[in-house]
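Student: Have a look at this one.
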Amino acid sequence: MKLFFHLGRYTKLMGKVFSRPGKASIFFKQILKEIDSLGINSLGIVIIIAFFMGVVITLQTAYNIENPFIPLYLIGLGTRDSMILEFSSTICGLILAGKVGSSIASEIGTMRVTEQIDALEVMGINSANHLILPKIIAAVFINPFLTIISIFIGIFGGWLAGVLSGAVSSENYIYGVQYAFEPFYVTYSLIKTLFFAFIITSVSSYEGFYCTGGALEVGKASTKAVVYSSLMILLFNVILTQLLLTH
């Protein structure tokens, strides 16, 4: 029953969130601020993780291919497909759930327990729309760019590791990256990213918005936001893969 309660309350909150925003200029400024806060500030961690994921995939693939009949260009192909299909969207989504999700939940949760949200409501402002919608729009807009950057950095990291370790030549790796490229894989990755961006921001905002108590409860809401958004990302990863990739 608790699941249905939270599902109903979440749906009701999203109804408030997606109502007509107030002053357009203020709303636009909020979106730009959130793009910087949620997206640009996450670029560093995304680049570092993508680079090392590319390195690890390349080295593990290279050291597992010992059969001389298996062409070495498969290392580049494997790194490319692993980064595009799974790592750049899902793993980066999980990392952002930890970084961005906890930040959103603690920010809105603190506003709730310090009665700032109540003050907005008293002034006649739709607090859910004012606080949450800019975050959702910002994440849905900027996260696909982070995914694209992550794909390129991961493939570059794999190339660097393969060439420097002597596991694969530059020509073989680049040929593998270009071999039998399927453009729909990038589309699939970006569709997943859009869903994950919405999940991270909306679930984290929900946990913060209905937080009650004090600082301890804000910490608990922040933890719940990370856990629940991560679980939802994994669930939707399975659903979207089934819908988009199976023929």
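No lab work stands behind these numbers, since they all come straight from the coordinates. For clarity, every value in this text was computed on a predicted model and none was experimentally measured. Cβ placement follows ideal geometry from the backbone for every residue including glycine, while neighbour counts extend to all protein chains displayed.
Student: Once both labels are modelled 7 Å past Cα along the beta-carbon direction, what's the K220-I148 spacing in nm?
Tutor: My value for the distance between the label points is 4.3 nm.
Student: Using Cβ counts within 10 Å as a stand-in for footprinting exposure, how do V56, V100 rank, fewest first?
Tutor: By the 10 Å Cβ count, ascending: V56, V100.
Student: Then there is this: For the chain, what is the convex hull volume of the alpha-carbon atoms per residue, in Å³? Could you put the intermediate results ahead of the total?
Tutor: Working: hull volume 37.5 nm³, N = 247.
Normalising the Cα hull of the chain by residue number yields 152 Å³.
Student: Same structure, new question: Only helices at least 18 Å long along their axis, Cα-based, and averaging 0.5 or more on Kyte-Doolittle count here, so list those DSSP H runs from the chain.
Tutor: On the way: long enough: 2-17 (22 Å, 0.06); 43-64 (31 Å, 1.97); 127-165 (54 Å, 1.63); 184-209 (37 Å, 1.09); 215-245 (44 Å, 1.37).
Within the chain the helices that satisfy the rule are 43-64, 127-165, 184-209, 215-245.
Student: While we're looking at this one, here's another question. Chymotrypsin sites (Phe, Trp or Tyr not before Pro), restricted to the range 172-221: which are DSSP loop and have at most 14 other Cβ atoms within 10 Å? All intermediate terms of the calculation are to be shown ahead of the outcome.
Tutor: Numbers: sites: Y173, Y175, Y179, F181, F184, Y185, Y188, F195, F196, F198, Y206, F209, Y210; in loops: Y179, F181, Y210.
Passing both the DSSP loop test and the Cβ count: Y179, F181.
Student: Now for a different question. Could you tell me which residue out of S165, F52, S106 lies farthest along the dipole of the chain toward its positive end? Charges go on the beta carbon: Lys and Arg +1, Asp and Glu -1, centred on the Cα centre.
Tutor: Selected residue: S106.
Student: So for the range 81-212, averaging the separation of alpha carbon pairs under 8 Å that are six or more residues apart and normalising by length, what relative contact order in percent results? Walk me through the intermediate numbers first.
Tutor: On the way: 106 pairs, mean separation 73.4, N = 132.
Relative CO of the range 81-212 lands at 56 percent.
Student: Report the relative contact order of the range 25-245, percent, no decimals, based on alpha-carbon pairs under 8 angstrom and at least 6 residues apart.
Tutor: Numbers: 306 pairs, mean separation 80.7, N = 221.
It rounds to 36 percent for the range 25-245.
Student: Fewest to most neighbouring Cβ within 10 Å: what's the order for T79, T246? Working shown, then result.
Tutor: On the way: T79 33, T246 6.
Result, fewest neighbours first: T246, T79.
Student: Please report T58, T241, T11 as a ranked list, fewest other C-beta atoms within 10 angstrom at the top and most at the bottom.
Tutor: Lowest count first: T11, T241, T58.
Student: Compute the FRET efficiency between S170 and T241 as 1/(1 + (r/R0)^6), taking r as their Cβ-Cβ distance and R0 = 30 Å, and round to the nearest 0.05. Display every interim value, and only then the final one.
Tutor: Working: r = 32 Å, r/R0 = 1.07.
Given R0 = 30 Å and the Cβ-Cβ separation, E is 0.40.
Student: Can you compute the modelled spin-label distance between L160 and K16, with each label point 7 Å from Cα toward Cβ, in nm?
Tutor: With each label placed 7 Å out from Cα toward Cβ, I get 4.6 nm.
Student: Another question about this same structure. Can you list the lysines whose alpha carbon sits under 19 Å from that of K33, skipping same-chain ones fewer than 8 residues off?
Tutor: Output for K33: K23, K99, K135.
Student: Would you mind computing, in nm to one decimal, how far apart the modelled labels at I70 and F5 are, each placed 7 Å from Cα along Cα→Cβ?
Tutor: The modelled label-to-label distance comes out at 5.2 nm.
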